[in-house]
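Just so you know, all these numbers are worked out from the coordinates, no wet-lab data involved. Bear in mind that the values here come from a model prediction, so they are computed numbers and not experimental data. Neighbour counts run over all protein chains shown; Cβ positions are idealised from the backbone, glycine included.
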Amino acid sequence: MHIPESLQDLASSEAVQFLRRPKTITRVFEGVFSLIIFSSLLTDGYQNKMESPQLHCILNSNNVACSFAVGAGFLAFLSCLAFLVLDTQETHIADTRFKIAFQLLDLILAALWAVVWFVGFSFLANQWQHSPPKEFLLGSSSAQAAIAFTFFSILVWIFQAYLAFQDLRNDAPVPYKRSLDEGGMVLTTLPLPSATSPMNMPTTGPNSLSYASSALSPCLTAPKAPRLAMMPDN
């Protein structure tokens, strides 16, 4: 099947490659889940009872539970949008220290949001479990959707923290890497002693024997034998 060149160029474009990144896909899921959490409770999370026109939270009439889910979901949605914008500029960051600081911030916030959604899921599920059945005519499906996507948010934020940790580990500079490379380069460029160097050149001449023997220790030199003198006959 022949693919037009325009489609090939589109598939290899920078925008498509950015959208295909696991980090980008994870952020999109985070934003969608956060949007569902706060929008479902913001629209149907507050209902009035049959005997009172006052609005109550459908989660055990606990307004703190609805306020927590709406506020956390809205802030998480804004966080996802902000990091998506920063991710588009990540490849253009030349300063290594700034890039590492951005990845470290991403890791800390992802881990923090995972903890927040874990606490939120436990809190919302507990309040929904203690809610009287059929106390409100509407809003039960919205509460269940908020609780379910709160649980899904825990998983995606944990995966986001894992991706941020992988990026931080791959891009972290090795201490003294430059000095070690330069030292190895100096060692490889040092000239090796050749056969014609002054260290290996043999000494010639009448003093060569004495020069070689002077390098030996006095203790290692062989003792001279005593000379015998011939006495003349009378």
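Take 110-119, 47-56, 152-161 and order them by the average number of nearby Cβ atoms within 10 Å per residue, most first; the result is 152-161, 110-119, 47-56. Scanning residues 5 or more positions from Asn48 or on other chains, those with amide H under 5 Å from its amide H are His56, with H placed 1.01 Å from N in the peptide plane.
Report the normalised scattering of region 17-179 as log10 I(q)/I(0) at q = 0.13, 0.20 Å⁻¹, calculated by the Debye formula with identical scatterers on the alpha carbons. Each listed q maps to, in turn, -0.66, -1.15.
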